[in-house]
Amino acid sequence: MSPASIVRIRNDREARARRHVELAKMLRDNPQATNIELANALNVDRHTITSDRLALMNQTTNEALTETQFYREDQLTRITAKWEEIVSDKTMTSAEKHLAWSRWMKLEMDLRGTAAPTKSIHANVNADVDPAKLVGYRKFLYHTRHLSEADVIAKVFPYCDSIPPSGTPLHLLEPSEAMK
């Protein structure tokens, strides 16, 4: 590139920067100004104003910190200062420093968003139960749901004890010799 080209490029960039500053001032004073009005005031084409406005919006978007980003940066600064304090503390053992380091790393990863995602499992349980379809223990619970614990102890347990066994349930049998 020739020296004249370099000078021309630099002058164009400086002119664009000055135009952006002027455009920002004009928009601050009159946010409802049209591109044609701004172009006439700055002695440029309306398409230049359109691209300049787009560039200003992108610059504002890229430079503006959200409240969350500001909070993250503040927290990172605070934990970094705390880490420096821990490193220089002569009263802490190496085990205590290691524990502090692991906690510090977890905090930093959480704040920077570099921590591995956690697994989350969601389930929906249908609570509408048809009593006719219940079996075993669930059926017992359904039929005794309105009884107090005292009623179950005083009435249900003695009734269950009065019923003669119809045979030993398989789950109560002694294990066979092969299973021992």
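Fewest to most neighbouring Cβ within 10 Å: what's the order for ASP29, ASP52, ASP110?
ASP29, ASP110, ASP52
Estimated from helical segments only, the mean residue ellipticity of the chain at 222 nm is -20000 deg cm²/dmol, where each DSSP H run of four or more residues counts as -39500 (n - 2.57). Comparing mean-square fluctuations of GLY136, GLY167, GLY113 from a GNM of the chain with C-alpha springs under 10 Å, the top value falls on GLY167. Working from label points 7 Å from Cα in the Cα-to-Cβ sense, the ASP130 to ARG10 distance is 8.6 nm. Given the choices (i) 57; (ii) 48; (iii) 74, percent of Cα pairs over 25 Å apart derived from the coordinates of this structure is entry (iii). Extending 7 Å from Cα along the Cβ direction at ILE79 and again at LEU141 yields two label points whose distance is 4.1 nm. Between the Cα long axis of helix 67-88 and the first principal axis of the chain there is an angle of about 80°, rounded to the nearest 10.
Distance between the C-alpha centers of segment 119-168 and segment 74-95? Whole Å please. One Cα centre to the other: 57 Å. Under a Gaussian network description of the chain, with springs only between Cα atoms under 10 Å, the residue in LEU42, LEU23, LEU134 that fluctuates furthest is LEU134.
Of ILE49, ILE79, ILE163, the residue with the greatest mean-square motion in the GNM of the chain, using alpha carbon springs below 10 Å, is ILE163.
Taken together, the values in this text are just the output of simple stated rules run on the coordinates, not laboratory data. As the structure is a prediction and not an experimental result, all values here were calculated from the model. When we count neighbours, we look across all protein chains shown, and the Cβ atoms used for this are built from the backbone with ideal geometry, even at glycine.
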